[in-house]
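The values are calculated or read from the model by the stated rules, or taken from the named source; none is laboratory data. Quick caveat, the model's predicted, so the values are computed rather than measured. Here the Cβ is made from the backbone with ideal geometry for all residues, glycine too, and neighbour counts use every protein chain on show.
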Amino acid sequence: MTSSERPFLNRRLAEFGTTIFAEMSALAVSTGSINLGQGFPDTDGPQEIREAAVRALRDGRGNQYPPGPGVPELRAAVSAHQERRYALSYDPDTEVLVTAGATEAIAAALLALLEPGDEVIAFEPYYDSYAACIAMAGGTRVPVTLRPHEGSFRLDLDELRDAVTDRTRLLLVNTPHNPTGTVLTREELAEIAKLAVERDLLVVTDEVYEHLVFDGAEHVPLASFPGMRERTVTIGSSGKTFSFTGWKVGWVTAPPALVGAVRSAKQFLTYVASGPFQYAVAEALALPDSYFEAFRADMLAKRDVLAAGLAEAGFEVFRPQGTYFITTDIRPLGESDGFAFCRALPERAGVVAIPNAVFYDHREAGAPFVRFAFCKQTQVLEEAAKRLKAAW
Ligand SMILES: *Cc1c(COP(=O)(O)O)cnc(C)c1O
């Protein structure tokens, strides 16, 4: 979309006209395609958690503005979750902030922590709101590209070190990583942490897929490394973990000074959101380990169905260690332009996917990669696989 087509959009946002998801979802509808573009589950989360939301609504809990930092029950549950999973202690009163999804947490953190001109390092390809939020905050994004290496996309630590300048204020990290499915290893995270401490950087870490890790990979929060707690804003969300992406309940954990800063920005974005759902998510976070295990096993089975289908159809598959996305390389199919490929795919195969190039500043580095979401019912994935196989 060119600026002449959006005459009122300011210069900071000119490059963010419409997201690819709107275009591709419209294509899915007009062609009757299976939509593996946008990452939302096609089945809802646990019935008992839905009932908890209904109860909160009926009992008049959260129907009016909840407290600015979030309802105490949810802040306590977030704190208990971080303690139980990672042995990280956060005071529910001063170190936890409930947000309108991870999306608001990211926006508020960047708006609060950046001065105009500050540089932010983020791993490319990146989640689409990062670039827009850095721009809204007046920051400058500095991408460090994850590159394919032996079947997964890896971070080059030397490149990361070289990207830090005197103007770097913040590292924006995402692990498990959307769209590549990469889970940063303990060793990689330790190096990132060392660098952040050495160069005195703030870190915002998006861990919304913390419960979706496979194949023995382990999610380790950056905040758990030496010297990191005091400089790290950790972002979590209920959307992906409990399959309620429409509820928009997310959270931030950080020391009081950082939470306070993020809250200052957050209070003028939504102020508060999702009142009754906050109570329900508090119950969800306290579900037994069996819920999280079953959820992970279910998603792993779905991953394997789609990964096998894509491989059989001729794609090179980067088997994700986390998230619910599979990144593929289309070059074995004789294609090289992910944009053109994804625009033609609905007509050709009746399936919608997303070109990873939209998640890059260096578009050419992402050109041959295409992302498919597997958070869909198994028969939907099987049908998609069948269609893709038939198209080549
Ligand atoms: C989905 C997603 C988000 C947004 O989470 P919400 O809680 O729905 O706002 C943030 N970061 C990443 C990496 C995501 O995939």
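List the number of the failed condition for Pro46; all other conditions in (1) over 18 Å from Thr245 (Cα atoms); (2) surrounded by 12 or more Cβ atoms within 10 Å (Cβ to Cβ) hold.
Of the numbered conditions (1) over 18 Å from Thr245 (Cα atoms); (2) surrounded by 12 or more Cβ atoms within 10 Å (Cβ to Cβ), the odd one out for Pro46 is (1).
One residue is enough: does the range 159-167 have a residue meeting the conditions within 16 Å of the ligand (Cβ to nearest atom) and surrounded by fewer than 23 Cβ atoms within 10 Å (Cβ to Cβ)?
Keep residues of the range 159-167 that are within 16 Å of the ligand (Cβ to nearest atom), which gives none.
Looking for residues that are within 16 Å of the ligand (Cβ to nearest atom) and surrounded by fewer than 23 Cβ atoms within 10 Å (Cβ to Cβ), one finds none in the range 159-167, hence no.
Which of the residues spanning the range 134-143 are within 16 Å of the ligand (Cβ to nearest atom) and within 17 Å of Thr168 (Cβ to Cβ)? Full working, then the answer.
Initial filter on the range 134-143 (within 16 Å of the ligand (Cβ to nearest atom)): 134, 136, 141, 143.
Of everything in the range 134-143, those that are within 16 Å of the ligand (Cβ to nearest atom) and within 17 Å of Thr168 (Cβ to Cβ) turn out to be Ile134, Arg141, Pro143.
Quick one: in the range 99-131, of everything that is under 24 Å from Pro69 (Cβ atoms) and among the β-branched types (Val, Ile, Thr), which residue is farthest from the ligand (Cβ to nearest atom)?
Here the answer is Thr99.
Quick one: which residue in Val380, Val317, Val305 is part of a strand (DSSP E or B) and either surrounded by fewer than 21 Cβ atoms within 10 Å (Cβ to Cβ) or at pLDDT 95 or above (or both)?
Details: Val380 fails: part of a strand (DSSP E or B); Val305 fails: part of a strand (DSSP E or B).
Just a single option satisfies the conditions, and that option is Val317.
Tell me, yes or no, whether the range 65-80 has at least one residue that is charged (D, E, K, R) and closer than 24 Å to Thr270 by Cα. Write out each step before concluding.
First, pick out the residues of the range 65-80 that are charged (D, E, K, R): 73, 75.
Within this subset, residues satisfying the condition of being closer than 24 Å to Thr270 by Cα are 73, 75.
Yes, because at least one residue in the range 65-80 is charged (D, E, K, R) and closer than 24 Å to Thr270 by Cα.
Out of all the residues in the range 86-106, which are β-branched (Val, Ile, Thr) and either at pLDDT below 95 or surrounded by 18 or more Cβ atoms within 10 Å (Cβ to Cβ) (or both)? Show your work before the answer.
Start the filter on the range 86-106 by keeping residues that are β-branched (Val, Ile, Thr), which leaves 94, 96, 98-99, 103, 106.
Correct list: Val96, Val98, Thr99, Thr103, Ile106.
Is there any pair with a first residue in the range 95-110 that is closer than 18 Å to Ala131 by Cβ and a second that is within 10 Å of the ligand (Cβ to nearest atom) and of a type in the set (Asp, Glu) whose Cβ atoms are under 9 Å apart and which are 6 or more apart or on different chains, and what are they?
From residues that are closer than 18 Å to Ala131 by Cβ, the pairs are Ala102/Asp206; Ala102/Glu207; Ala105/Asp206; Ile106/Asp206.
I'd like to check something: does the range 228-237 contain any residue that is of a type in the set (A, V, I, L, M, F, W, C), free of Cβ contacts under 8 Å to residues at least 12 places away in the same chain and either farther than 18 Å from Pro46 by Cβ or crowded, with 23+ Cβ neighbours inside 10 Å (or both)?
Taking the range 228-237 and keeping what is of a type in the set (A, V, I, L, M, F, W, C), we get 228, 233, 235.
Now narrow it down to the ones that are free of Cβ contacts under 8 Å to residues at least 12 places away in the same chain: none.
No.
Does Lys240 satisfy the criteria of being closer than 30 Å to Arg303 by Cα and surrounded by fewer than 24 Cβ atoms within 10 Å (Cβ to Cβ)?
Details: closer than 30 Å to Arg303 by Cα: yes; surrounded by fewer than 24 Cβ atoms within 10 Å (Cβ to Cβ): no.
It is false that Lys240 is closer than 30 Å to Arg303 by Cα and surrounded by fewer than 24 Cβ atoms within 10 Å (Cβ to Cβ).
Test each condition in (1) without any contact (Cβ under 8 Å) to a residue 24 or more places away in the chain; (2) under 30 Å from Thr43 (Cα atoms) for Glu210 and report the one that comes out false.
Checking Glu210 against (1) without any contact (Cβ under 8 Å) to a residue 24 or more places away in the chain; (2) under 30 Å from Thr43 (Cα atoms), the one that fails is (1).
Sort through Gly70, Gly60, Gly39 and tell me the only one that's at pLDDT 95 or above and within 16 Å of the ligand (Cβ to nearest atom). Please lay out each step first, then the result.
Details: Gly60 fails: within 16 Å of the ligand (Cβ to nearest atom); Gly39 fails: at pLDDT 95 or above.
On inspection, the qualifying residue turns out to be Gly70.
Please specify each residue of the range 340-364 satisfying the condition of being surrounded by fewer than 18 Cβ atoms within 10 Å (Cβ to Cβ) and either more than 13 Å from Gly37 (Cα to Cα) or in contact with a Cys (Cβ under 6 Å, 6 or more places away or on another chain) (or both).
We begin by selecting, within the range 340-364, every residue surrounded by fewer than 18 Cβ atoms within 10 Å (Cβ to Cβ); these are 340, 343-344, 347-348, 361-364.
Within the range 340-364, Ala340, Ala344, Glu347, Arg348, Asp361, His362, Arg363, Glu364 meet the criteria.
In the range 180-198, how many are in contact with a helix residue (DSSP H, G or I) (Cβ under 8 Å, 6 or more places away or on another chain) and within 15 Å of Val220 (Cα to Cα)?
6
Examine the range 82-97 for a residue that is within 16 Å of the ligand (Cβ to nearest atom) and not in a strand (DSSP E or B), and state whether such a residue exists. Break it down into steps so the answer makes sense when it comes.
Filtering the range 82-97 down to residues within 16 Å of the ligand (Cβ to nearest atom) leaves 96-97.
This time we only want the ones that are not in a strand (DSSP E or B), so: none.
No - not one qualifying residue is present in the range 82-97.
Which of the residues spanning the range 14-25 are aliphatic (A, V, I, L, M), surrounded by fewer than 16 Cβ atoms within 10 Å (Cβ to Cβ) and either closer than 21 Å to Val370 by Cα or modelled with pLDDT of 90 or more (or both)? Steps first, please.
If we filter the range 14-25 for residues that are aliphatic (A, V, I, L, M), which is where we start, we get 14, 20, 22, 24.
So of that shortlist, the ones also surrounded by fewer than 16 Cβ atoms within 10 Å (Cβ to Cβ) come out as 14, 22.
Passing the criteria: only Ala22.
If a residue has to be in contact with a strand residue (DSSP E or B) (Cβ under 9 Å, 6 or more places away or on another chain) and either modelled with pLDDT under 95 or within 13 Å of the ligand (Cβ to nearest atom) (or both) to count, how many in the range 220-262 make the cut?
Of the residues in the range 220-262, 12 are in contact with a strand residue (DSSP E or B) (Cβ under 9 Å, 6 or more places away or on another chain) and either modelled with pLDDT under 95 or within 13 Å of the ligand (Cβ to nearest atom) (or both).
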